[in-house]
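Structure first, then comments.
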Amino acid sequence: IDMTKHGHAYLISDDLQDDARISENNMNHALHGDTVKVYLFARRRRKQLEGEVIEIIEHARKTFVGTIEISANFAFLITDSIKMPYDLFIPLGKLNGAKNGERVVGRITEWPKNGKSPFGEIIEVLGKQGEHEVEMHTIMAEYELPIEFPAEVMQEAQNVNIEISEKEIARRKDFRKITTFTIDPHDAKDFDDALSIRQLANQNWEIGIHIADVTHYVKPNSILDKEAFERATSVYLVDRVVPMLPEQLSNFVCSLRPDEEKLTYSAVFEMNDRAEIISEWFGRTVIRSDKRFAYEDAQEIIETEEGELKDEILTLNGLAKKLRDKRFQQGSISFDRKEIRFNIDENGKPVDIYHKESQEANKLIEEFMLLANRRVAERIGAPKGGGKAKPFVYRVHDEPDLEKLNSFSKFIKRFGYSFEFKKTKEIATSMNVLLENIKGKDEQNVIEGLAVRSMAKAVYDVDNVGHYGLAFRYYTHFTSPIRRYPDMMVHRLMERYLHEGKSADKPTLRNQCRHTSNMERKAAMAERSSIKYKQTEFMKDKIGNEYEGVISSVTEWGLYVEIMDHKIEGMVALKDIENDFYSFDEKNFCIVGQTSKKKYQLGDAIKVQIIRVNMERKQLDMMLVED
């Protein structure tokens with residue numbers, strides 16, 4: 001069920017060519033995301049396919065987040081989500097101590113057959129509306145993501161044996177005396193990966209990609225492992241990381257901190273100066289990182305060719321550039337979007353918004369992580385000697401939908417850009433040319449956003465269809481086991497298969513892939529929601545201010561406009577455009593004035609004024625400012 005804010009919904013089904021509309025009266029208490037059985041009505045002429053929900057097979061969510069409103073005899077939980085058109089009726093005896101106006105989590109207890117609203121109870125009181133900490137917890141609760149670890153998980157983390165015995169070291173390849181370092185964001189504490197480099201007698205390079213050996217400490221089916229699987233990923237909000245593993249592991253035991261002996265799982269490559277791989281080895285290792293660099297430190301060394309370990313960093317950067325060039329020649333797409341970051345004061349209030357671009361130091365690390373992920377997947381997915389591949393976890397990215405690409409191509413023509421997509425190979429080349437051409441232009445962010453949306457989404461799967469965006473036939477996730485559960489799965493499978501272990505159960509792996517993909521999607525939505533909240537909060541005291549913007553989306557109810565300076569999106573409602581009556585022209589991505597014939601279309605640069613800020617809905621309302 002894909003629900004609208006008006007109460008009606010659409011059934012999304014692989015069995016249907018078109019989505020079926022379901023009126024509010026025929027929803028029978030189904031809600032957004034629910035898996036349902038629907039009876040389809042006979043289609044009258046060529047009208048919209050319609051139906052009625054006759055069975056709810058599975059509810060998508062168990063809890064609802066919002067603000068409690070209490071009156072003399074009853075209360076309502078006013079839900080945050082625009083996809084939840086009903087508020088929950090809460091009897092006064094089920095408030096769980098909630099006070100009027102507080103942010104809460106509730107659940108439905110019953111829904112009378114003919115009742116407009118479901119009955120519910122408050123299961124958690126989050127706190128006072130508008131407080132930074134409360135709102136971050138609210139976002140996590142909205143996506144049913146945990147904030148705290150249960151006591152038994154914390155206890156097991158504390159009891160992990162952190163001693164590295166000589167016996168354990170003897171089982172591993174020893175890299176402790178080889179130059180090794182990490183490069184990470186300046187505020188990172190969970191260092192998943194390190195690089196080592198040394199020159200061999202034949203003048204080739206030995207490059208070690210060393211990944212925290214999390215599965216040495218987190219045993220299958222332990223309390224820690226079950227919790228990590230349920231979470232499946234760390235969640236990155238604007239001001240914090242909510243980790244997949246307790247900090248004792250993520251920031252200390254497993255983190256590859258400098259001047260500490262650490263257990264790692266490694267991919268080691270012998271490479272020549274052309275970045276061609278001569279040989280490779282995978283297995284368990286022990287390292288001692290010599291230095292921890294922030295990306296900014298490494299970038300300065302690349303730019304000035306001066307600084308500690310400059311020869312090693314410059315050599316690795318040269319090899320990374322060659323790997324990247326090869327990747328793009330083979331059809332990899334260069335999505336390189338700016339990240340939105342905030343300067344936040346001690347009360348959690350955003351005082352500034354800025355954009356972070358990926359630089360050479362970031363790309364250096366990215367390239368070697370891509371190499372390790374690809375070669376690990378090839379090792380298992382394409383066994384030498386033509387043997388049958390064993391069940392494995394792949395990171396897959398399907399080919400783009402031609403219909404979406406057609407719409408995208410029509411849209412960018414309005415800006416004077418062309419896009420070829422008749423042949424698969426043509427798409428990547430054409431996309432890279434386009435992304436290069438729009439750099440620094442007003443329309444860059446809008447076009448990049450639409451380009452990403454025209455592509456399929458990458459997921460975890462046991463059936464390998466390759467990774468279209470990277471142009472890799474085989475690809476997996478191996479390099480971030482502190483923050484991603486699929487990487488832990490890959491480490492275990494690698495260890496099993498490298499030592500001739502029996503094949504894993506494919507249906508079990510498939511279910512685990514589905515769960516981790518779903519949790520990754522939830523985490524990404526929570527991250528976007530926290531960004532949207534802070535963007536909205538940043539604009540709270542700017543009502544009446546005017547800004548230059550670009551139309552980022554056109555709908556039947558209004559224009560979405562992205563402010564150029566801050567990349568913040570708001571909406572100009574059609575009803576608020578007073579100079580004419582405007583109608584929506586879906587085919588041409590525009591609205592047209594009935595009398596003036598004036599057009600506002602996707603990508604147009606316009607001036608807007610902020611007129612309202614709705615913090616609960618994370619919405620900005622704007623009005624057009626005429627020149």
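The values are calculated or read from the model by the stated rules, or taken from the named source; none is laboratory data. Nothing here was measured: the structure is a model prediction, and the numbers come from that model. Neighbour counts run over all protein chains shown; Cβ positions are idealised from the backbone, glycine included. Surface areas here come from the heavy atoms of the whole protein model, side chains and all, with no ligands, DNA or RNA. Shrake-Rupley method; radii C 1.70, N 1.55, O 1.52, S 1.80 Å.
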Residue match in segment 108-131 (condition: of a type in the set (D, E, K, R), at pLDDT below 95, over 30 Å from residue 37 (Cβ atoms) and under 27 Å from the mean Cα position of the chain (by Cα)): yes
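Go over the candidates 47, 37 one by one and state the one that is open to solvent by 80 Å² or more (accessible area, probe 1.4 Å) and either part of a strand (DSSP E or B) or in contact with a Gly (Cβ under 6 Å, 6 or more places away or on another chain) (or both).
Values: 47 fails: either part of a strand (DSSP E or B) or in contact with a Gly (Cβ under 6 Å, 6 or more places away or on another chain) (or both).
Answer to the selection: 37.
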Residues of segment 318-373 classified as assigned to a loop (DSSP other than H, G, I, E, B), polar (S, T, N, Q) and out of contact with any Asp or Glu (no Cβ under 7 Å at 6 or more places or on another chain), total: 5
Single condition residue 279 does not satisfy, out of (1) more than 30 Å from residue 168 (Cα to Cα); (2) surrounded by fewer than 17 Cβ atoms within 10 Å (Cβ to Cβ): (1)
Breaking point among (1) open to solvent by 80 Å² or more (accessible area, probe 1.4 Å); (2) in a loop (DSSP other than H, G, I, E, B), for residue 57: (2)
Evaluation of residue 434 against (1) in a helix (DSSP H, G or I); (2) buried (at least 18 other Cβ atoms within 10 Å of the Cβ); (3) within 25 Å of the chain's Cα centre (by Cα); (4) touching a residue at least 40 places away in the same chain (Cβ under 8 Å) (one fails), failing number: (4)
Residue in segment 387-401 that is free of Cβ contacts under 8 Å to residues at least 24 places away in the same chain and part of a helix (DSSP H, G or I) present: no
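Could you check, for segment 245-255, whether at least one of its residues is small (Gly, Ala, Ser) and open to solvent by less than 30 Å² (accessible area, probe 1.4 Å)? Even if it seems obvious, please write down each step before you answer.
The initial filter retains those residues of segment 245-255 that are small (Gly, Ala, Ser), namely 250, 255.
Add one more test, that the residue is open to solvent by less than 30 Å² (accessible area, probe 1.4 Å), and what stays is 250, 255.
There is at least one residue in segment 245-255 that is small (Gly, Ala, Ser) and open to solvent by less than 30 Å² (accessible area, probe 1.4 Å).
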Pairs with Cβ under 9 Å, 6+ apart, first in segment 447-463 and over 30 Å from residue 508 (Cβ atoms) and buried (at least 18 other Cβ atoms within 10 Å of the Cβ), second of a type in the set (Asp, Glu) and at pLDDT below 95: 448/336; 454/401
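Only one of 297, 336 is touching a Gly at 6+ places or on another chain (Cβ under 8 Å) and either surrounded by 14 or more Cβ atoms within 10 Å (Cβ to Cβ) or touching a residue at least 12 places away in the same chain (Cβ under 8 Å) (or both). Can you tell me which? Show your work before the answer.
Working: 336 fails: touching a Gly at 6+ places or on another chain (Cβ under 8 Å).
So the residue among 297, 336 that is touching a Gly at 6+ places or on another chain (Cβ under 8 Å) and either surrounded by 14 or more Cβ atoms within 10 Å (Cβ to Cβ) or touching a residue at least 12 places away in the same chain (Cβ under 8 Å) (or both) is 297.
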Index of the failed condition, residue 545 passing every other in (1) within 26 Å of residue 240 (Cβ to Cβ); (2) more than 20 Å from the chain's Cα centre (by Cα); (3) open to solvent by 20 Å² or more (accessible area, probe 1.4 Å): (1)
